[in-house]
1. Out of (1) in contact (Cβ under 8 Å) with a residue 40 or more places away in the chain; (2) part of a strand (DSSP E or B), what's the single condition that is false for I167?
2. Mind listing whichever residues of the stretch 79-90 are free of Cβ contacts under 8 Å to residues at least 12 places away in the same chain and not in a strand (DSSP E or B)?
3. For V95, work out the one condition from (1) assigned to a loop (DSSP other than H, G, I, E, B); (2) touching a strand residue (DSSP E or B) at 6+ places or on another chain (Cβ under 8 Å) it doesn't fulfil.
4. Working carefully through the options D171, D144, D155, find the one that is out of contact with any Cys (no Cβ under 9 Å at 6 or more places or on another chain), surrounded by fewer than 18 Cβ atoms within 10 Å (Cβ to Cβ), modelled with pLDDT of 95 or more and not assigned by TED's automatic domain parsing to the domain that holds D64.
5. For M106, work out the one condition from (1) touching a Phe, Trp or Tyr at 6+ places or on another chain (Cβ under 7 Å); (2) surrounded by 13 or more Cβ atoms within 10 Å (Cβ to Cβ) it doesn't fulfil.
Amino acid sequence: MRQRELRRGTVDRDPAGRGRRARGCVRGPGASLPPPQLGSKAMATDEKRMQLRGLHHVTAICRDAERTIVFYRDVMGLAVVHDGPSDDDPDSRHVWFGAQDGRAGMLVSFMQYPELPTGVVGVGSTHHFAFVVESAEEQEAWRDYLRGHGVECTDVFDRGAFHSIYIRDPDGHIVEIATSGPGFAAGGPSV
């Protein structure tokens, strides 16, 4: 597998000449690996093994980067930490939002593809992504602020392990604002 194909393989030119289209998936070295067996002694969470430390970023597709900037910077209060051509597709504008210092775990980015069709929810798509706030009071303040700025926002949902509110961004992505706790018990059963 060539590294360049993995990096540049997310969008392809349509051979019929209708512009660009998103590829169904990117195949990589781990694409055919079987899923780990829960409870096995060979899990990657063992102290001596490599461990995933968190989520670095989420990248979504938008139709209009300027409209996306107005929403995430001006309404949601995120900093634009990088705005330029995508490393994977130099013809696409790639805007990164996050904390002022641009640290991993606080990043969401959008690649601009105005000619792509509107997405559909299905296998292989992402349902939503979530930002976190520290308290129920802060979450309620966000709900009231968003509604006051004309953004449709759900009531608070009690998820047991946390509380959630949901909005949609200008491209229809579902965005959750969740409280930080109490969280799930590690390895515990769902209730």
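The values are calculated or read from the model by the stated rules, or taken from the named source; none is laboratory data. The structure presented is a predicted model; accordingly, all values stated were derived computationally and were not measured. Neighbour counts run over all protein chains shown; Cβ positions are idealised from the backbone, glycine included.
1. (1)
2. To start, the set of residues in the stretch 79-90 that are free of Cβ contacts under 8 Å to residues at least 12 places away in the same chain comprises 84-85, 90.
Matches in the stretch 79-90: P90 only.
3. Only one criterion in (1) assigned to a loop (DSSP other than H, G, I, E, B); (2) touching a strand residue (DSSP E or B) at 6+ places or on another chain (Cβ under 8 Å) is unmet by V95, namely (1).
4. On the way: D171 fails: out of contact with any Cys (no Cβ under 9 Å at 6 or more places or on another chain); D144 fails: out of contact with any Cys (no Cβ under 9 Å at 6 or more places or on another chain).
On inspection, the qualifying residue turns out to be D155.
5. Every condition holds for M106 apart from (1).
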